[in-house]
Structures are given as structure tokens and as C-alpha cells.
1. Right, A:K288: part of a helix (DSSP H, G or I), free of Cβ contacts under 8 Å to residues at least 24 places away in the same chain and in contact with a helix residue (DSSP H, G or I) (Cβ under 8 Å, 6 or more places away or on another chain) or not?
2. Answer with yes or no whether B:L152 is over 15 Å from the mean Cα position of the chain (by Cα) and open to solvent by 20 Å² or more (accessible area, probe 1.4 Å).
3. Please pick out the residue among A:F91, A:F119, A:F100 that is out of contact with any Asp or Glu (no Cβ under 8 Å at 6 or more places or on another chain), aromatic (F, W, Y), within 9 Å of chain B (Cβ to nearest Cβ) and surrounded by fewer than 23 Cβ atoms within 10 Å (Cβ to Cβ).
4. Exactly one condition in (1) open to solvent by 20 Å² or more (accessible area, probe 1.4 Å); (2) at the interface with chain B (Cβ under 7 Å from one of its Cβ atoms) is false for A:P24; which is it?
5. For segment B:90-108, state whether one or more residues are among the β-branched types (V, I, T), part of a helix (DSSP H, G or I) and touching a residue at least 12 places away in the same chain (Cβ under 8 Å).
6. Within segment B:180-220, which residues are within 19 Å of B:P261 (Cβ to Cβ) and in contact with a Lys or Arg (Cβ under 7 Å, 6 or more places away or on another chain)?
7. Among the residues in segment A:187-204, are any surrounded by fewer than 20 Cβ atoms within 10 Å (Cβ to Cβ) and either within 14 Å of chain B (Cβ to nearest Cβ) or of a type in the set (F, W, Y) (or both)?
8. Could you check segment A:134-149 and list, in sequence order, the residues that are facing chain B (nearest Cβ under 7 Å) and more than 21 Å from the chain's Cα centre (by Cα)?
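The values are calculated or read from the model by the stated rules, or taken from the named source; none is laboratory data. Since this is a predicted model, take the numbers as computed values, not measurements. Methodologically, a virtual Cβ is constructed for each residue, glycine included, from the backbone with ideal geometry; neighbour enumeration extends over all protein chains shown. The accessibility values were calculated without ligands, DNA or RNA, using every heavy atom of the protein model including side chains. Shrake-Rupley method; radii C 1.70, N 1.55, O 1.52, S 1.80 Å.
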Protein chains: 2
Amino acid sequence: MQLEEIGEFGFIKSFAKKFDKLIPPGGHGIGDDCAIIPISENRDMVISSDMLVEDVHFIKEKSSPEDLGYKSLAVNLSDIAAMGAKPTSSFLSFAIPRTFTTEYLDKFIEGYYNLSEKFNIPLMGGDTTSSPDKFVINITVTGVIDKGKAKLRSMAQEGDIIAVTDFLGDSAAGLHAILHSNDKNSKHLINRHNRPEPYLMQSQWLCEQPGVNAMMDISDGIGSDINHILNSSNKGAVIKTEQIPISSHLKEYCKQYKTDPLEFAISGGEDYSLLLTANENSFKQIAKEYNRNFKTTLFPIGKITSKNEPVWTLNNKAIKKESGGFNHFFDSKICR
Amino acid sequence: MQLEEIGEFGFIKSFAKKFDKLIPPGGHGIGDDCAIIPISENRDMVISSDMLVEDVHFIKEKSSPEDLGYKSLAVNLSDIAAMGAKPTSSFLSFAIPRTFTTEYLDKFIEGYYNLSEKFNIPLMGGDTTSSPDKFVINITVTGVIDKGKAKLRSMAQEGDIIAVTDFLGDSAAGLHAILHSNDKNSKHLINRHNRPEPYLMQSQWLCEQPGVNAMMDISDGIGSDINHILNSSNKGAVIKTEQIPISSHLKEYCKQYKTDPLEFAISGGEDYSLLLTANENSFKQIAKEYNRNFKTTLFPIGKITSKNEPVWTLNNKAIKKESGGFNHFFDSKICR
């Protein structure tokens, strides 16, 4: 059977169960943004490892080495944020084509270093090897969190408000602009694609709020990623598409190119916004304090229900959502 | 400047220092087989991350998927062994060409699982993505060790006996046989190349012995790897080449192909034997107990000196060592 037939998640599922029995008590393996390893009486470690491949996740000519270095680390830190943990170290492996110059790599490291320094996260190891063809980057990040406090995808409760921490779709439109237009008006969107901000402070704060239940980051697009929470929690949802936060930049871009902003916002991917569910009664207060602390909005976009699949509505009427998110074996936006 | 001009280690050195100031007290970053992260009052975590690239580290057609899965994990566990730590988890990322079948990947996972189960090490996460070209594997492993007990490359003392835990060169001859002869008599050597045994139990025991000072694993060949200990410890060495342990299988193979076993043993690489230095006065007793516990030999091959470079001798006469070890940007044995 070809791998495409079962897809990325089907393949992972096929072997994840096998290893479950080796996981120690208090540990948590494949299925969330990070794994959880108990390290002491009061603390857990969280770990995530992600691979980025040239012409699948990025096109070398279309982004600067500084941006690529920054973003490679940022998307990994976003996984630490998704658990509500504090990052403690990173490990960088790369397979480098022989044609690369040290100048290019120095700039890559500069971008990587700038973000490391900002959050005080040491690069502590990794691997460097040659590549016969593509530039391949693998980053592993570690973090710590009080024992049992990590937010899992399986923790959503019926009645929870579903919320996101940022406008959705900007990054996908930024990629669209990089590939198709690259006009000056898209600078903001392109920057949102190249320099995603990991929600580290926000997620650690959210993790402290008793009303917050499930949490993850949006990497493949909310249209696909919401299903991870719903499947893990065995719940359904109503998503009010008119409440999905769309930036004025995205609206402007879509007007110009006669495309639907919701298409980017739902199926685009690489937002790296947090996606969380919080108790209905606590949400208002949490959103208010969040706004006071971080001078930015926690956007409610729907509700967790008992039904076992998401329903997308527009002004309270169910609508059909055609497209899914980014699946690395099906609809890779870049390499097909 | 082309990367080849400064090489793998030159490039790593160029940025490692930059991150040093971000490393927390008690932590240890780039430069040993694993990084060390303090996790509690009495324990440290060790972490290593390694990348394996098709046609650089392996040729798909020349090894079975089970062997490749097994070996990918084994070489990483060898890094945990090098510190004297106990492995606790692994993370597997791979970039998979679209032509791969699920049957191939199931077999890869089977080999990976067999070794995981043997040492009770859960696979707890990772990443799966498509690759436009080569099969790329990245594995991160974690381990634990009592605080401050990890064995570093910098710990060699003048007068220490240098020792290895296994015959050297078998794996390199196995690779030679895979690429050039593949006759039935090389089965043992090929197996040594495809299924290296990580010295986990042995290294944890060695780590407990007060006389053992520096430790690492031999991955690039002792001719190159000994320099890591000497440079880090700011010492020299005398290596008695006639004491380097050569298996009867390697002798037989070299007789047939009119090659020098020492060439494989010194410059071959992928031995994954432990390389350690131990106090001169304790060594005899350590070697005796090691032999009693593990029914195998700790081979002394030389001595740490104050001089700042290794001297290779044959029957007490200095000889010239022409070739170095495996450097991924210069003399990749497979892909050139």
C-alpha cells in the first residue's frame, strides 16, 4: 500500500499504540503537541520534535535564511506553548547540501539565535550532516511544567467556549503572496508567514486559569486541527464562521485577489495561534484579564457540544465545509 | 565560503559558543555525546539528537528496513551509553519519499520497536512528513543519570589507561563487504554493521566505578574520535596499535581482500564501542570485574599523556597515521 492511501495521521496511528505499554506512569506519548515525561515529584518535562523539508515546508529562494532560522525554532516553541509549558532547551539537526555557503548558514543561525535569546532558550545540541539534495531541518524542544498541569487535546468539556488567540489566515495569505503576487501591500501578511510569534507567555498564563481545559496550536489550519481536540475529547462543536477573526490585511488582500478570507482562515495552516476551550462560566472573566495582561484579544469562535463532529455555521445556519487542513501526504500547498 | 572548507566540526564550533551564555547552571551544551539538563536536586537529564540521510549514512537497497529501524535507534542509544546514563524515551521524525510503501515503513518500525522493547524505551513523539527525494530520519533520545555523574570527554587525566569495549573495524569491513563483496563469509561483519549493540548496561556499570574518568562512543573511527577526548581534556596520548582489538573475522576478511585490518579499525567508523579512560591504578581491577559481569573484555589500547596530540606506536616505535575518521563533509565513505 502506498503511504498516501493512509496519510500522515493514519500511519502514525498504526504504530503509536504499539509503544504505549512502554510509557512510564504519568507519561504521555504520541497524540498531543508535546510528549510528557515525569522528571520529579512536582514537575513534568514536555518534548516536541519537528522536521522541516525544503520544497515541502519552505522554498529556499522564497525566504531569507534569517527568517527560516527564526521560523524553524518558532514553530517548535509553539508546540511548547500549546501545552502551557516553559521552554528550556532546543536541539538542532540539519542535513545541508554541499552547495551551501557558510554565509547562508551563519544567517540561518542568526535568525535562530535571535528568537532563542528573546526567550532565553539555549541551543544545547543536535547534528550536522551533508545532504545529497534538499536542506532538511529537525528541531527538538524541551520545556517544563508543574506536574499534571499540561493542557491536552483530550480535555475539552461539553459547553466549553472555543477560542483562538489571533487572527487566522494571515500566514496562509502571506504564503500565497510569496508564491503568486509579492506586492508591497502584502508585507504584513508575508511577515506573519515568515515570523510567527510563539504564544509562550500567553499560554503559560492561560494554563494557570482553572477554567481553561483543552489547548493546542493551529499548525495545519483550524478546519483540520479542531478535529484533533474533538476526536481526543470525544466531543463535537459548533463553529460560528462569522466569529472567526479575520485581519483587515487579509480582507484587503482577498478583495484584491477575489478570494474568500474564510478559505485562508479555515484551511490555510501555519497560523500558530493557540486554540483552546474554556469553561463557559469562566470565559468572560478569562478573556477580560487576558486582554488586560496582553493587550490583545481572546476571540471566541464557537462551543464544544456532545455531538461527535464539528458543525460550521454562518449566522446560525449550518454550512458545508469543503476543504480540510494541510496533510503532508495529500495537499502540500507548496510542493504539488 | 563553502561549508566543505571549514567542515562539520568547524561549522558547529562557529556557533556553539554563541549559545553558551543561555545555558543554565549545571547544564552542559554542544561538545559531548549528549547535552546535560539539570532536572531535579539529584538528577540530570541527558539528550542527544542525530540525523541519518539516505545515500549519506545508508543506502536503502543495501539494508533491510528492519535493520535500518534498529540501527537508527541503536546509534542514538549509543550516545546515551557514552554518558553512562539510562535511556528513558525516544522521538522519531522522518521525511518519507512518496514512493515508499506502508509495508516498508511497518518493517522499519518493527526493527525500531524490537530494540525499544529490549531496553524498555518508549517512542513518545516525533514527526512524519513527505520528502521530495531522500529518506531522512532524525532521532532524539533522552536519558537520566545521578546529578553530576555523567562522563564527559573533558575528564581524561594524565596517566589514564585508554580502553575500548569491543573489537574495532568490524562494522567498517561489514560496510565494505556490503558495497563490494557481500560473500557469505562476511555475514558476521555485515551483521556488526547493521545491528550495532549499544553498550547501555556496561556504560551504566562503568559510570559507577570511581576510577573511570572520560567516556564517549566511537562513531567516526577511533583515529578521529580519540581527538575529541584529547582536545576537550587538553591532553595527549600514546596508542599502541598492536593492542587495538581486531576480531578473527576482520583478520580473515582482510587476508582475503589484501587489506590492512588496522585501516578499518582506526579509520573505519560506526564501531559504537565505548572509548574510555580510567585511572592507571584502578584499571586492572575494573577490567577484571567488567569481565566477570559482562563476560567480555575491556581492551586497554594506550595511555593518556601530557602532550597535546596522539602518538600512534607499533611495538613501541612511533608510526605515522595517515587517515582520519569519518567527516560528513569530506570523506563520506558512501556518497562520494
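1. On the way: part of a helix (DSSP H, G or I): yes; free of Cβ contacts under 8 Å to residues at least 24 places away in the same chain: yes; in contact with a helix residue (DSSP H, G or I) (Cβ under 8 Å, 6 or more places away or on another chain): no.
Considered against the rule, which asks whether it is part of a helix (DSSP H, G or I), free of Cβ contacts under 8 Å to residues at least 24 places away in the same chain and in contact with a helix residue (DSSP H, G or I) (Cβ under 8 Å, 6 or more places away or on another chain), A:K288 comes out as no.
2. On the way: over 15 Å from the mean Cα position of the chain (by Cα): no; open to solvent by 20 Å² or more (accessible area, probe 1.4 Å): yes.
Answer is no for this residue.
3. On the way: A:F91 fails: surrounded by fewer than 23 Cβ atoms within 10 Å (Cβ to Cβ); A:F119 fails: within 9 Å of chain B (Cβ to nearest Cβ).
Answer to the selection: A:F100.
4. Checking A:P24 against (1) open to solvent by 20 Å² or more (accessible area, probe 1.4 Å); (2) at the interface with chain B (Cβ under 7 Å from one of its Cβ atoms), the one that fails is (2).
5. Keep residues of segment B:90-108 that are among the β-branched types (V, I, T), which gives B:96, B:99, B:101-102.
Remaining after also requiring part of a helix (DSSP H, G or I): B:102.
With the extra rule that they be touching a residue at least 12 places away in the same chain (Cβ under 8 Å), the set shrinks to none.
No; the residues of segment B:90-108 include none that is among the β-branched types (V, I, T), part of a helix (DSSP H, G or I) and touching a residue at least 12 places away in the same chain (Cβ under 8 Å).
6. B:P196, the sole residue that qualifies.
7. Of all residues in segment A:187-204, those surrounded by fewer than 20 Cβ atoms within 10 Å (Cβ to Cβ) come to A:187-188, A:191, A:195, A:197, A:201, A:204.
Subsequent filtering for residues that are either within 14 Å of chain B (Cβ to nearest Cβ) or of a type in the set (F, W, Y) (or both) retains none.
No, because not a single residue in segment A:187-204 is surrounded by fewer than 20 Cβ atoms within 10 Å (Cβ to Cβ) and either within 14 Å of chain B (Cβ to nearest Cβ) or of a type in the set (F, W, Y) (or both).
8. Answer for segment A:134-149, where residues must be facing chain B (nearest Cβ under 7 Å) and more than 21 Å from the chain's Cα centre (by Cα): just A:K134.
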